[in-house]
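Single-structure report; data block below.
The values are calculated or read from the model by the stated rules, or taken from the named source; none is laboratory data. Only a predicted model underlies this, so the values are computations on that prediction, with no experimental measurement involved. Note that we place each Cβ from the backbone using ideal geometry, even for glycine, and neighbour counts take in every protein chain shown. The area values use the complete protein model at the heavy-atom level, side chains included, leaving out ligands, DNA and RNA. Shrake-Rupley method; radii C 1.70, N 1.55, O 1.52, S 1.80 Å.
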Protein chains: 2
Amino acid sequence: MAIPRAARTQRRTRIQEEKEEIILEAALDVFSVSGFRGSTIDQIAEVAGMSKPNLLYYFRTKEAMHRALIDRVLFTWLEPLRAFDANGNPESEIRSYIRRKLEMARDFPRESRLFANEMLQGAPHVEDELRGPLKSLVDEKAEVIRAWAKAGKIAKCDPYHLIFSIWSTTQHYADFDVQVRAVLGQEHSGEGRFEDAARYLEKLFVDGLGIRQP
Amino acid sequence: MAIPRAARTQRRTRIQEEKEEIILEAALDVFSVSGFRGSTIDQIAEVAGMSKPNLLYYFRTKEAMHRALIDRVLFTWLEPLRAFDANGNPESEIRSYIRRKLEMARDFPRESRLFANEMLQGAPHVEDELRGPLKSLVDEKAEVIRAWAKAGKIAKCDPYHLIFSIWSTTQHYADFDVQVRAVLGQEHSGEGRFEDAARYLEKLFVDGLGIRQP
DNA sequence: TGTAATGTTTACCAATCGGTCAAATTATCT
DNA sequence: AGATAATTTGACCGATTGGTAAACATTACA
């Protein structure tokens, strides 16, 4: 008789690793568009190319699938902020943070939308992570920014709202992609819009924060 | 025999106006959190305090309810952009546009989330409105901004991405409200965060766009 | 006040939902 | 090869889904 994965103590099989990967990939497709409530196991099964009971062999509930997905995404999603370096100089740090976030919006839009969906629904599955690890990380980086302002390297500003504004402006190109394309029109809907956005946003923040160029 | 509303030609009854109002209010509650697919007529009926068939007497399908809601929201949601005046001076126009958008995020967060939900799902119900009326309005305002830049009143910048950045930074406080609260912590989660955001964003954009203060 | 139109509800439908079960199939290891 | 464990599937379950039919109640108006 088959023992459900979660109850097993042994190491994971090759098949397990492969199938779980396929499932999470499919789940990302579905959850990122329709949110948790709006998605169905059948949809995910179809995208994954396997039967519904087979999915449920690897993840015992829809929630477990969503949970595993969120955990994975949340970690990589914070990578750019973690890379934000206190020892670098403000201008290059902010420029590269914006670039990295924009690259993620371009290369991992589904991850961004999954997260956005969760936020819109009031973060029922990740509120703890927000108040815990996320807040800690942001607090730490906010302190760096505050120190820069104190040293006169950048203009005085609320570091939290600064971070929010970088998050929102960059993620916008993933979450509101349809709108961006529709407004820009077909002619400007190529991937070039990310370069345009990077140019505009870097200038906005560098000048907006009063960062003196050497 | 009762004739479904949509097929009727006569004027709307007092009861019709009242009940449709109640239904759309309840629908906004539900749709804005769970999106179209994730919401159920039963949920809306419960919030509205009436029976499911009674809802379906006023709106023949779930889609019709969503449609009516989107139409209404889309109009009022674009009000601040419509108010954006070519004859005003750049600084005060941009300042007040930011303020108005922030006020909407504060006072009508459900409307913002309804719209965000629709975007995340790829705008299956409103893509035409995006490509039509929305694009036209943005095109018109982008021309105004371009003229300001040409006249040297503001720095040269891509007017479309400028509009995107104002949209995203302000709507963020409605759509990602949970995250904002979690990161700011209880002490800064009062309504004061909207004032802080306004102060920060106005400075960011005024300085970032190189607008000379007289 | 009567009556026709409007509004509301109960009971119900077929389809889909998340999830279970046992049987069948495949992989692994000796 | 044979035994054992891991994987996959079809059939199925009760609950929920969007929506309907028709009886019933209320309102508006002559």
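Going by the conditions given, is A:PHE176 of a type in the set (Phe, Trp, Tyr) and open to solvent by 10 Å² or more (accessible area, probe 1.4 Å)? Considered against the rule, which asks whether it is of a type in the set (Phe, Trp, Tyr) and open to solvent by 10 Å² or more (accessible area, probe 1.4 Å), A:PHE176 comes out as yes. Evaluating A:ARG14 against the criteria (1) loosely packed, with under 14 Cβ neighbours inside 10 Å; (2) more than 16 Å from DNA strand D (Cβ to nearest atom) leaves one unmet condition, (2). When A:ALA151, A:ALA142, A:ALA155 are screened for being open to solvent by less than 10 Å² (accessible area, probe 1.4 Å) and either in the same structural domain as A:ARG82 (by TED's automatic domain parsing) or small (Gly, Ala, Ser) (or both), only A:ALA142 passes.
So for the stretch A:60-83 (the condition being at pLDDT 95 or above, within 14 Å of DNA strand D (Cβ to nearest atom) and not polar (S, T, N, Q)), does at least one residue qualify? Yes, because at least one residue in the stretch A:60-83 is at pLDDT 95 or above, within 14 Å of DNA strand D (Cβ to nearest atom) and not polar (S, T, N, Q). Only one residue in B:ASP85, B:ASP29, B:ASP42 is of a type in the set (Asp, Glu), without any contact (Cβ under 8 Å) to a residue 24 or more places away in the chain and away from DNA strand C (no atom under 12 Å from the Cβ). Which one? Result of the check over B:ASP85, B:ASP29, B:ASP42: B:ASP85. Picking from residues in the stretch A:37-76 that are open to solvent by less than 30 Å² (accessible area, probe 1.4 Å) and within 12 Å of chain B (Cβ to nearest Cβ), the one that is nearest to A:GLU17 (Cα to Cα) is A:LEU74.
Can you spot a residue in the stretch A:70-87 that is assigned to a helix (DSSP H, G or I) and more than 21 Å from A:PHE108 (Cα to Cα)?
Let us first name the residues in the stretch A:70-87 that are assigned to a helix (DSSP H, G or I), namely A:70-77, A:79-83.
From what is left, the residues that are more than 21 Å from A:PHE108 (Cα to Cα) are none.
Looking for residues that are assigned to a helix (DSSP H, G or I) and more than 21 Å from A:PHE108 (Cα to Cα), one finds none in the stretch A:70-87, hence no.
The single condition from (1) within 9 Å of chain B (Cβ to nearest Cβ); (2) part of a helix (DSSP H, G or I) that A:TRP148 fails is (1). Within the stretch B:122-135, can one find any residue that is small (Gly, Ala, Ser) and in contact with a helix residue (DSSP H, G or I) (Cβ under 6 Å, 6 or more places away or on another chain)? So far as the stretch B:122-135 goes, yes, one or more of its residues are small (Gly, Ala, Ser) and in contact with a helix residue (DSSP H, G or I) (Cβ under 6 Å, 6 or more places away or on another chain). If you filter the stretch A:41-69 down to residues that are outside any helix (DSSP H, G or I) and polar (S, T, N, Q), you find that the one that is farthest from the chain's Cα centre (by Cα) is A:SER51. Within the stretch B:85-126, being of a type outside the set (Asp, Glu), closer than 20 Å to A:VAL183 by Cβ, away from every other protein chain (no Cβ under 14 Å) and open to solvent by 10 Å² or more (accessible area, probe 1.4 Å) holds for B:ALA86, B:ARG100, B:MET104.
Which one is least open to solvent (accessible area, probe 1.4 Å), of the residues in the stretch B:182-201 that are of a type in the set (Asp, Glu) and closer than 20 Å to A:ILE166 by Cα?
So the residue we want is B:ASP196.
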